[in-house]
Amino acid sequence: MHYMVFVKMAEVDVEPPAALVEAMGAEMERGFASGTLIQVGGLYATSYRTEFRVRAGETTSTDGPFTEAKEEVGGFAIIDVRDHAEAVENARRMAELHATHWPDWDGAVEARRISGPDEGPSASDA
Amino acid sequence: MGEPTDSTGDAARAKAAAGHEPTRAAVTAAWRRESAALVAALTRMTGDVGVAEDLAQDALVAALEQWPHDGIPGSPGAWLMTTAKRRAIDFFRRAETLRRRSAELGHGLEGTEVPDLDAQVDHIEDDVLRLMFLCCHPALTPDSRAALTLRLVGGLTTTEIARGFLVAETSMGRRISRAKRMLSDSGARFEMPTGAERLQRLDDVLAVVYLVFTEGYAATTDAQWTRPDLCHEAIRLARILARLVPDEAEVHSLQALLELQASRLHARTDSDGRPVLLEAQDRRRWDRLLIRRGEAALARAEQLAGSGRPVGRYYLQAAIAAEHARAVHAENTDWRAIARLYDVLAGAAPGPVIEVNRAVAYGRAFGPAAGLVVLDAIPAAALARSPMPPAVRGDLLTRLGRHVEAADAFRAAAAVTTNRAERSLLERRAEQAAVDAS
């Protein structure tokens with residue numbers, strides 16, 4: 001089953017510490033090597049974002065940056081795991097790396113199951 | 001989710017990072033991620049895969065006792081290794097005592113000094129590959145190789161493997177212990193084969209991964225049409241191999257083949273669980289992510305083939321699977337390209353199964369009569385117990401309008417299949433042919 005792991009944080013103008021970048025690189029290499037990691041991506045700042053909002057049949061668009069947002073998705077990984085516990089463990093590692101290498105970091109790592117042709121999210125998955 | 005904590009201290013922080021008290025499932029998931037590297041390093045250390053697995057299991061038991069209270073450690077791999085190493089030192093001490101008592105030198109116990117594992121960190125990946133070579137050792141039967149690989153490289157429990165192969169847990173347990181003993185007895189070494197032997201042994205490993213996949217893909221005796229857990233394990237093994245042996249075209253070809261075939265897993269059954277044949281499948285249900293990965297792996301294989309690395313049956317099968325994946329609708333399928341690939345495959349890996357598939361391709365590319373010519377050339381004794389030849393014959397005869405013979409062929413196929421879902425599909429086709437005949 002596939003999960004998407006999001007890394008969310010306040011949009012700050014700070015480069016992540018080199019130690020974190022290196023540790024994440026090693027973690028990704030391991031993920032690819034074990035056949036778990038399918039795809040990773042980092043997202044550009046919200047100044048590169050355009051949002052279309054639909055309300056009452058009306059579409060309006062807004063260009064970034066979105067300074068009022070508390071937290072933004074900064075990166076994601078698609079992983080291929082055996083079960084929910086394995087997805088959680090992958091997300092936990094990601095969080096752990098941030099906690100270790102960037103103690104000042106204030107953010108979140110979230111694992112969400114991707115609904116595929118075979119598997120829809122059921123109520124019990126919440 | 002657990003309550004957020006604001007306490008300090010390492011244990012509390014570990015718990016906060018975990019977000020909740022780790023459950024048994026969480027501990028198992030963490031362990032499984034480390035188990036192949038752990039078992040591989042311990043096999044290098046002890047020279048015996050059975051001992052290595054026992055030590056790894058001891059470490060798992062310790063983790064199951066401690067992690068639910070202490071949280072999963074920041075570096076579970078290091079924790080498990082330290083714990084296993086401590087047990088290994090005990091093991092070496094016992095072995096040393098034994099050696100002093102006995103004049104006889106047991107093999108693998110010659111050097112009783114505990115090797116410095118920290119100095120071997122760089123070898124971990126090579127060690128996982130060595131472990132795969134060992135699990136797929138020629139001294140073992142293919143079934144034992146598959147079971148041992150799933151156990152030691154995949155980190156599955158005996159129960160899970162037994163469920164995958166539809167055998168009783170006790171007999172799977174026996175099969176695995178026997179395999180480990182056989183490795184010990186035959187003096188199989190934890191080694192990296194070189195030269196011509198490397199290609200041969202690599203081919204054995206690929207065959208085992210493929211066996212695991214096909215076992216899951218086409219369950220022969222189960223009411224279920226597929227058992228995707230085994231397919232998934234096989235794909236993971238293939239991906240691991242492709243990272244460990246990036247320079248061999250056939251390794252990437254196998255990964256490509258499995259990703260492409262697995263992309264169709266969920267389209268192979270309808271909402272009632274009944275099998276759906278390739279051409280009738282809803283192609284929107286094919287997994288595009290897996291298709292893309294399969295195409296990428298195939299491209300790597302092609303590149304390596306271009307620089308002279310040998311390709312064989314996996315490459316050809318992957319190329320065929322890719323042709324199907326590229327056809328948005330069944331009627332867009334380039335059957336002539338597929339027929340050509342089957343011609344090459346029939347030369348590279350001749351056998352009745354390939355011939356039946358070649359008959360299907362010829363039937364589509366050049367008409368049902370051409371398909372029947374290929375099918376009729378297969379010796380009657382070959383595949384006598386398989387539903388494949390009569391099922392294909394039934395299909396070709398239907399398209400020739402020879403419905404009475406087609407109904408007979410489908411009935412013959414239904415009579416020999418051991419898969420319940422397949423039998424009902426064939427019976428339906430027999431009934432349809434009989435209706436069309438009247």
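A short reminder: the numbers here are calculations on the coordinates, not readings from a lab. Everything quoted here is computed from the prediction, not taken from an experiment. Please note: Cβ atoms are built from the backbone with ideal geometry, for glycine as well, and neighbour counts cover all protein chains shown.
Between B:Ala434 and B:Arg385, the modelled label-to-label distance comes to 2.8 nm, taking each label 7 Å out from Cα in the direction of the beta carbon. The calculated FRET efficiency for the pair B:Asp376 and B:Asp282, based on their C-beta separation and a Förster distance of 35 Å, comes to about 0.60.
Can you sort A:Arg53, B:Arg99 from fewest to most other Cβ atoms within 10 Å of each residue's own Cβ?
A:Arg53, B:Arg99
Taking the C-alpha atoms only, the angle from helix B:352-366 to the longest principal axis of chain B is near 50 degrees. For B:Thr269, the residues 5 or more places off, or on other chains, whose built amide H falls under 5 Å of its own are B:Val276. Sites listed here are trypsin sites (Lys or Arg not before Pro) in the range B:295-392 whose DSSP assignment is loop and whose Cβ has at most 13 other Cβ atoms within 10 Å: B:Arg385. Shielding value for A:33-39 is 6, the average number of Cβ atoms from other chains within 10 Å of each residue's Cβ. Summing +1 for each Lys or Arg and -1 for each Asp or Glu among the other residues whose beta-carbon sits under 9 angstrom from that of B:Ala249 gives -2. Over the range B:273-334, Cα pairs under 8 Å with separation of 6+ residues give a relative contact order of 35 percent. Where in the range A:61-104 is the amide nitrogen less than 12 Å from a point lying 7 Å along the Cα-to-Cβ axis of B:Asp70? Counting only backbone N, you get no residues. Go ahead and collect, in residue order, the members of the range B:19-62 whose backbone nitrogen is under 20 Å from a label point 7 Å along the Cα-Cβ direction of B:Arg189. It comes to B:40-52, nothing else. Extension gain for B:Glu197-B:Asp229 works out to 8.4 nm (0.36 nm per residue, less the C-alpha to C-alpha distance).
Distance in nm between label sites at A:Ser61 and B:Ala25, each 7 Å beyond Cα in the beta-carbon direction? The two pseudo-label positions are separated by 4.3 nm. Dividing the mean sequence gap of close Cα pairs (under 8 Å, 6+ apart) by how many residues chain B holds gives a relative contact order of 10 percent. In terms of its C-alpha gyration tensor, the protein assembly as shown comes out oblate, because a/c is 1.5 or above while a/b does not outweigh b/c. The base-10 log of I(q)/I(0) for chain B, evaluated at q = 0.09, 0.12, 0.13 Å⁻¹, reads -0.69, -1.08, -1.20 [Debye formula, identical scatterers on Cα atoms, solvent excluded]. Just B:Pro379, B:Pro389, B:Pro368 to compare: in a GNM of chain B, with alpha carbon springs under 10 Å, which one fluctuates most? Maximum among the listed residues: B:Pro379. Between B:Thr417 and any residue 5 or more places off or on another chain, the built amide H atoms are never under 5 Å apart.
Anisotropy class assigned to the range A:2-116 is oblate, per the alpha carbon gyration tensor with a/c at or over the 1.5 cut-off and a/b no larger than b/c. If you take all other residues with their beta carbon under 14 Å from the beta carbon of B:Arg300, and give Lys and Arg +1 and Asp and Glu -1, the sum is -1.
The Rg/Rh ratio for the range B:385-438, using Cα coordinates for both the radius of gyration and the Kirkwood hydrodynamic radius, is 0.95. Between A:Phe52 and A:Lys8, the FRET efficiency estimated from the beta carbon spacing at R0 = 22 angstrom works out to 0.55. Using just its DSSP H runs of length 4 or more, each adding -39500 (n - 2.57), the protein assembly as shown gives a mean residue ellipticity at 222 nm of -19500 deg cm²/dmol after division by all residues. Plainly put, the range B:243-293 has a radius of gyration that is 1.12 times its Kirkwood radius, both from alpha-carbon atoms, as the Rg/Rh ratio. Using the beta-carbon distance between B:Val61 and B:Ser271 and R0 = 60 Å, what value does 1/(1 + (r/R0)^6) give for FRET efficiency, to the nearest 0.05? According to the calculation, E is roughly 0.90. The amide H of A:Glu72, built 1.01 Å from its N in the peptide plane, has A:Met9, A:Ala10, A:Glu11 as neighbours under 5 Å, considering only residues 5 or more places off or on other chains.
Take the convex hull of the alpha carbons in the range B:247-337; its mean projected area over all directions comes to 5.9 nm².
Using a simple spin-label model with pseudo-atoms 7 Å out from Cα toward Cβ, B:Ser177 and A:Ile78 lie 4.5 nm apart. Only one residue of B:Ala437, B:Ala409, B:Met388 has its Cα farthest out toward the positive end of the dipole of the range B:385-438, where Lys and Arg carry +1 and Asp and Glu -1 on Cβ, and that residue is B:Met388.
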